[in-house]
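Trainee: One structure coming up, written as structure tokens, with questions to follow.
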Amino acid sequence: MFDALIGFIREQYRTNDFIPLHAPVFQGNEKKYVLETVDSTFVSSVGAFVDRFENDMAAYTGSPRAVATVNGTAALHVSLLLAGVKPGDLVLTQPLTFVATCNAIAYCGAEPVFIDVDRHTLGLSPTALEAWLEESAYLDPEGVCRTKAGGQVLRACLPMHTFGHPVELDELVRVCARWNLALVEDAAESLGSLYKGRHTGTFGCVGTLSFNGNKIITTGGGGMILAGEALGVRAKHITTTAKKAHPYEYVHDEVGYNYRLPNLNAALGCAQLESLEAFIASKRALAASYEAFFQGRSAQFVLEPEGCRSNYWLNAIICEDLEQRDALLLASNASGVMTRPIWRLMTHLPTFADSLRGDLSNALWLEERVVNLPSSVLPEPSI
Ligand SMILES: *Cc1c(COP(=O)(O)O)cnc(C)c1O
């Protein structure tokens, strides 16, 4: 299968050169807009492209507010603060994610509780979440969710839409409401993905996006907070050093952060956003080709969950076992076609080794089997 797969991927990208997992594509107004910022001298934290990028993203996702940040991790940090996460709190999340999800929890002085994922979404399982809460948590007389063991506050729930595939949001929204948990979505990988027709990142009290170089659109580095009106205003304030509007004086009314996105980066973002739907169409076509390739083979292609439109940011397969996974990684990377295993579980990193957790059978099973395949937007057909 490996030789056939490598040949198939080379056919898609029509090259004998190295094929990366994900490369950005700049085919629209990127140069034009970036040059405009240079010509205007407004390259830094104030500028028209920041406002435009925020407005365009709010319009695209249907979020009342969108606040640009310096990267996706900063967006997550501030989103958790907005959700009320305080030092000593616990935040329920999945062990199968990029480390930024859990680092942001740690920045708040809080700790993660790891809950298993579903095999069909690769994201947080509402069933596992509810089972853990039934067994290990209670609502105190004020309605605050606490652990039975130590009375620690369970403040928020932070699911992540793995590789662009939406988690089961209806169920997660229901479980979070029942247990008084603030729902914060890490939608870093799922810009443009829809759950029952609505954009991921807009289901909780706050959601976050990332525009790192490897994401579906990039600003070089950047992120976004999606929120309602009130939290959106708060987000803008604390990501811009908590400065009160004043014609010339420096008045800051709380500890703020310098997390704003420079105008230079926002210019790139505005141009990339114009191409987003075309990128998604290309990636969905590639995913359909991969799906056809894996029909009847031993490795299983990961499909978008029912009722969803995934952006198929990174295509993934589930290998039969660890042996097949390792053989595939070795063969493909040796022949210049980049593939990567899914992340090590957070519970296997020294930082989070002692964290609370539920049963993690699915996450452990997937950790040994999932491989990402090259997923860049395909080159335009040459005529
Ligand atoms: C990319 C990513 C982030 C944020 O990353 P930044 O590089 O800080 O923009 C957060 N969570 C997940 C799951 C990601 O993939």
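The values are calculated or read from the model by the stated rules, or taken from the named source; none is laboratory data. Computed from a prediction, not measured in an experiment: that's the story for all the values here. All Cβ positions, glycine included, derive from the backbone under ideal geometry; neighbour counts span all protein chains shown.
Trainee: So which residues in region 126-162 are within 27 Å of LEU226 (Cα to Cα), out of contact with any Phe, Trp or Tyr (no Cβ under 9 Å at 6 or more places or on another chain) and not in a helix (DSSP H, G or I)?
Mentor: Matches in region 126-162: GLY143, VAL144, VAL153, ARG155, ALA156, LEU158, PRO159.
Trainee: Out of the helices (runs of 4 or more DSSP H) lying entirely within region 44-111, which hold 1 or more residues that are buried (at least 24 other Cβ atoms within 10 Å of the Cβ), of a type in the set (Phe, Trp, Tyr) and within 16 Å of the ligand (Cβ to nearest atom)?
Mentor: Ranges flagged: 48-61.
Trainee: Any chance you could count how many residues in region 141-171 are under 23 Å from VAL78 (Cβ atoms), of a type outside the set (A, V, I, L, M) and surrounded by fewer than 16 Cβ atoms within 10 Å (Cβ to Cβ)?
Mentor: So the count comes out to 0.
Trainee: Just wondering, is there one or more residues in region 156-177 that are in contact (Cβ under 8 Å) with a residue 60 or more places away in the chain and over 25 Å from GLY197 (Cβ atoms)?
Mentor: Among the residues of region 156-177, at least one is in contact (Cβ under 8 Å) with a residue 60 or more places away in the chain and over 25 Å from GLY197 (Cβ atoms), which makes the answer yes.
Trainee: A further question on this structure: Go through region 45-71 residue by residue and tally those that are touching a helix residue (DSSP H, G or I) at 6+ places or on another chain (Cβ under 7 Å), under 20 Å from ILE280 (Cα atoms) and small (Gly, Ala, Ser).
Mentor: Number satisfying all stated conditions: 0.
Trainee: Could you tell me how many of the residues in region 26-69 are among the hydroxyl-bearing types (Ser, Thr, Tyr) and over 28 Å from ALA230 (Cα atoms)?
Mentor: So the answer is 4.
Trainee: In the list ASN71, ASN29, which residue meets the criterion of being closer than 18 Å to ASN258 by Cβ, touching a residue at least 40 places away in the same chain (Cβ under 8 Å) and not hydrophobic (A, V, I, L, M, F, W, C)?
Mentor: That would be ASN71, the only listed residue that is closer than 18 Å to ASN258 by Cβ, touching a residue at least 40 places away in the same chain (Cβ under 8 Å) and not hydrophobic (A, V, I, L, M, F, W, C).
Trainee: Here is a further query. Within region 211-228, identify whether any single residue is closer than 27 Å to PHE49 by Cβ, away from the ligand (no atom under 14 Å from the Cβ), at pLDDT 95 or above and out of contact with any Gly (no Cβ under 9 Å at 6 or more places or on another chain), and answer yes or no.
Mentor: Yes: region 211-228 contains one or more residues that are closer than 27 Å to PHE49 by Cβ, away from the ligand (no atom under 14 Å from the Cβ), at pLDDT 95 or above and out of contact with any Gly (no Cβ under 9 Å at 6 or more places or on another chain).
Trainee: Is it fair to say ARG119 is more than 24 Å from HIS77 (Cβ to Cβ) and surrounded by fewer than 24 Cβ atoms within 10 Å (Cβ to Cβ)?
Mentor: Criteria met by ARG119.
Trainee: Out of all the residues in region 249-272, which are out of contact with any Lys or Arg (no Cβ under 8 Å at 6 or more places or on another chain) and either among the hydroxyl-bearing types (Ser, Thr, Tyr) or over 30 Å from VAL25 (Cα atoms) (or both)?
Mentor: Scanning region 249-272 gives GLU249, GLU254, VAL255, TYR257, TYR259.
Trainee: Considering only residues of region 342-375 that are free of Cβ contacts under 8 Å to residues at least 24 places away in the same chain and in a loop (DSSP other than H, G, I, E, B), which is farthest from the chain's Cα centre (by Cα)?
Mentor: Going through the qualifying residues, I end up with ASP354.
Trainee: Give just the number: which of (1) surrounded by 18 or more Cβ atoms within 10 Å (Cβ to Cβ); (2) more than 15 Å from ASN372 (Cβ to Cβ) does ASN311 not satisfy?
Mentor: The failed condition is (2).
Trainee: Scan the strands (runs of 3 or more DSSP E) fully inside region 163-281 and keep the ones with 3 or more residues being farther than 21 Å from ASP56 by Cβ.
Mentor: Answer list for region 163-281: 182-186.
Trainee: Another question, if that's okay. Identify, please: which residue in region 179-227 is polar (S, T, N, Q) and surrounded by 24 or more Cβ atoms within 10 Å (Cβ to Cβ) and is, among those, farthest from CYS157 (Cα to Cα)?
Mentor: Here the residue is THR219.
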